[in-house]
Amino acid sequence: MARDQIYSAPLGKISGFAFDQRVVDVFPDMIQRSVPGYESIIAMTGTLASRCVAPETNCYDLGCSLGASTLSISTEIPDNCKIVAVDNSEAMLGEFRNILDAKPAKQEIELKLADIRDVEIENASLVVLNFTLQFVPIEDRLRMLKNIYDGMVEGGLLMVSEKIKIVDPQLNQIFIDAHHEFKRRQGYSDLEIAQKRSAIENVLIPETIPEHQSRFTEAGFNSSSIWFQCLNFCSMIAIK
Ligand code: GEK
């Protein structure tokens, strides 16, 4: 796996983070060394799918990147289900296509180059937003969740994993500091941590757990729960 060194040398001007070919080339290493609990969340995405995906329904992996969630789901659901994997990065989807060509899945997997805000959701028993909602402008998040809700079957499951903001500012700072320490221990230098932070600052907008929970309710979901949290990273599920 190629090592992420994108921010290792001093950069004069730090431009906004983009999911381009440079990121694609190191993506598995980058996300594993940046998101505490990432591997557990991906594995559990499949486990949850095994319990909630009904035959002849669709699963959506919104912001699929290289398809880690899609592949985890695919091993756990009936063959007659379809997975729609959506991303608006051509580079990401191109590489995910290569991965699938090398090892085809047993279900139909549709790769869609599109904005997740515009995707039509239909007959969905599982919709996964693993670390993607955080990149959607806040003012568009409710409309998008309502659209997802409308396309889900009764009892369908929405999974949302996010970097979060903690309500209490003091705790929030403790978690941010501990996350940076986690990254240091994963081999990132202080310069890499600082430069990545500047690049992502205006691109990834975290919200608090209560903000997420009240949006689930407003979008129509019956109930929601946190099932995983490590520092300022959290995964929630909501049921239609
Ligand atoms: C994983 N889920 O491995 N429309 C479509 N795609 C988008 C949009 C949008 N509006 N905004 C961002 N993306 C994956 C990881 S990464 C998380 C998801 C991260 C896509 C973007 O191109 C990228 O591939 C993905 O969402 C976010 O579990 O890098 O922190």
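Is it the case that residue 83 is closer than 24 Å to residue 144 by Cα, within 15 Å of the ligand (Cβ to nearest atom) and of a type in the set (Val, Ile, Thr)?
yes
For the stretch 147-188, which positions are farther than 13 Å from residue 129 by Cβ and small (Gly, Ala, Ser)?
Correct list: 151, 155, 156, 178, 187.
Which condition number in (1) within 19 Å of residue 124 (Cα to Cα); (2) among the hydroxyl-bearing types (Ser, Thr, Tyr); (3) touching a Ser or Thr at 6+ places or on another chain (Cβ under 7 Å) is the one that residue 8 fails?
(1)
Out of the stretch 30-51, which residues are under 14 Å from the mean Cα position of the chain (by Cα), hydrophobic (A, V, I, L, M, F, W, C) and at pLDDT 95 or above?
Of everything in the stretch 30-51, those that are under 14 Å from the mean Cα position of the chain (by Cα), hydrophobic (A, V, I, L, M, F, W, C) and at pLDDT 95 or above turn out to be 31, 35, 41, 42, 43, 44.
Count, please, the residues in the stretch 113-144 that happen to be part of a strand (DSSP E or B) and buried (at least 18 other Cβ atoms within 10 Å of the Cβ).
Selection size over the stretch 113-144: 7.
Only one of these conditions is not met by residue 223: (1) out of contact with any Ser or Thr (no Cβ under 7 Å at 6 or more places or on another chain); (2) buried (at least 17 other Cβ atoms within 10 Å of the Cβ). Which number is it?
(2)
Which residue is farthest from the ligand (Cβ to nearest atom), if the candidates are limited to the stretch 118-141 and must be more than 16 Å from the chain's Cα centre (by Cα) and of a type in the set (S, T, N, Q)?
123
Looking at (1) in contact with a Gly (Cβ under 6 Å, 6 or more places away or on another chain); (2) closer than 21 Å to residue 17 by Cα; (3) not small (Gly, Ala, Ser), can you tell me which one residue 121 breaks?
(2)
Does residue 71 fit the bill of being surrounded by fewer than 23 Cβ atoms within 10 Å (Cβ to Cβ), farther than 30 Å from residue 188 by Cα and within 16 Å of the chain's Cα centre (by Cα)?
no
Could you please let me know if residue 102 is free of Cβ contacts under 8 Å to residues at least 12 places away in the same chain and more than 12 Å from the ligand (Cβ to nearest atom)? Spell out the reasoning first.
Details: free of Cβ contacts under 8 Å to residues at least 12 places away in the same chain: yes; more than 12 Å from the ligand (Cβ to nearest atom): yes.
Taking the combined requirement at face value, the residue satisfies it.
Within the bounds of the stretch 22-31, is there any residue that is of a type outside the set (A, V, I, L, M) and touching a helix residue (DSSP H, G or I) at 6+ places or on another chain (Cβ under 7 Å)?
No, the conditions are met nowhere in the stretch 22-31.
From the list 174, 166, 226, 237, which residue is in a helix (DSSP H, G or I) and modelled with pLDDT of 95 or more?
Of the residues listed, the single one that is in a helix (DSSP H, G or I) and modelled with pLDDT of 95 or more is 174.
The values are calculated or read from the model by the stated rules, or taken from the named source; none is laboratory data. Not measured: the values here are computed from a predicted model. For neighbour counting, all protein chains shown are included, and Cβ atoms are generated from backbone atoms with ideal geometry for every residue, glycine included.
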